[in-house]
Amino acid sequence: MKKLVNKSTVTNFIALLVIATGYICPFRPEMTKAIGYFAFSGAITNWLAVHMLFEKIPFLYGSGIVPARFEEFKISIKALMMEQFFTVENIEHFIEKQEQEGGKVLNISPLLDAVDYDKVYEGLVSSIMNSSFGGMLMMMGGEEALLPLKEPFVEKMQHTLKDMVESERFKHALQQGLNAHKIGENLTGKIEDVIDKRLSELTPQMVKQIVQDIIKTHLGWLVVWGGVFGGLLGALFSFA
């Protein structure tokens, strides 16, 4: 029902109603009929032009242009996405902006929290016991003699790593490693692959529907104004 009742059908119905009124109304019937016929011809012509964009009509060259040229529409869609939105420069600018706002691209804190400091301590103890100091430590109680050092070692290790990753030198090295231009190029390539894959799935009917949904509502006003201006022309010719 919604598809049947729209700007086009309403305009055409009003034009036909004006024509019918011209045949039954005694007041200036010829002018009324002229207004109706001109309005109807203007509206129906514009409706046909809009219809021909999306539907192929036999013997009418150029009709159905949208589904017929769907490959060109796909190329245009890709060009719009890649050249206006997902450019290397845009992605690079975004990454650099995030880095300048506090290193939000890579947050190191969760990595530091995930470190198993007990294993680090065990590795240190194992290295000491396997070194030339191992024999001397065995005489002093072995690994148990180092247990009082475990908690201070872990705390010191945590503070040292935190200070290290917060230092300007580390941040500078991180920014050098996170090459915004290289990341931008890689991301652009991946985005292009995704767009290509999605566009390859589009059919002429899907492209037609996309374009139709975008512009057909607005093109409906062509029919309305065709009827209005056609009616005005009919009125002018009647007075002439």
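The values are calculated or read from the model by the stated rules, or taken from the named source; none is laboratory data. As the structure is a computational prediction, the values presented were derived from the model and not from experiment. Methodologically, a virtual Cβ is constructed for each residue, glycine included, from the backbone with ideal geometry; neighbour enumeration extends over all protein chains shown. These area figures cover heavy atoms from the full protein model, side chains too; ligands, DNA and RNA do not enter into them. Shrake-Rupley method; radii C 1.70, N 1.55, O 1.52, S 1.80 Å.
Among residues of the stretch 142-156 being in contact with a helix residue (DSSP H, G or I) (Cβ under 7 Å, 6 or more places away or on another chain) and open to solvent by less than 50 Å² (accessible area, probe 1.4 Å), the one that is nearest to V125 (Cα to Cα) is L146. Taken together, V154, V125, V194 contain a single residue that is modelled with pLDDT of 70 or more, out of contact with any strand residue (DSSP E or B) (no Cβ under 8 Å at 6 or more places or on another chain) and under 28 Å from N90 (Cα atoms), which is V194.
For the stretch 20-70, residues that are closer than 13 Å to L219 by Cβ, at pLDDT below 80 and touching a Phe, Trp or Tyr at 6+ places or on another chain (Cβ under 8 Å) total 1. Every condition in (1) more than 30 Å from G189 (Cβ to Cβ); (2) touching a residue at least 12 places away in the same chain (Cβ under 8 Å); (3) assigned to a helix (DSSP H, G or I) holds for K56 except the one numbered (3). Would you call S132 modelled with pLDDT of 70 or more and either open to solvent by 50 Å² or more (accessible area, probe 1.4 Å) or not hydrophobic (A, V, I, L, M, F, W, C) (or both)? In short, no.
For beta carbons closer than 9 Å, sequence separation of 6+ or different chains, a first residue in the stretch 63-77 that is farther than 17 Å from A49 by Cα and a second that is open to solvent by less than 40 Å² (accessible area, probe 1.4 Å) and outside any helix (DSSP H, G or I), the qualifying pairs are F70/L202; F73/L202; K74/L202; I77/L202. As a summary of the residue check, E30 satisfies the conditions (1) in contact with a Ser or Thr (Cβ under 8 Å, 6 or more places away or on another chain); (2) open to solvent by less than 80 Å² (accessible area, probe 1.4 Å) except for the one numbered (2). Name every residue in the stretch 46-82 that is in contact with a helix residue (DSSP H, G or I) (Cβ under 6 Å, 6 or more places away or on another chain) and open to solvent by 70 Å² or more (accessible area, probe 1.4 Å), in order of residue number. Within the stretch 46-82, just W47 meets the criteria.
When the criteria are applied in full, L178 meets the requirement of being aliphatic (A, V, I, L, M) and at pLDDT below 70. Counting residues in the stretch 86-96 that are within 30 Å of L187 (Cβ to Cβ), at pLDDT below 70 and open to solvent by 50 Å² or more (accessible area, probe 1.4 Å) gives one or more. Pairs linking a residue in the stretch 153-164 that is more than 16 Å from D118 (Cβ to Cβ) to a residue that is part of a helix (DSSP H, G or I), with Cβ atoms under 9 Å and 6 or more positions apart or on different chains, are K162/S109; K162/L112; M164/F170.
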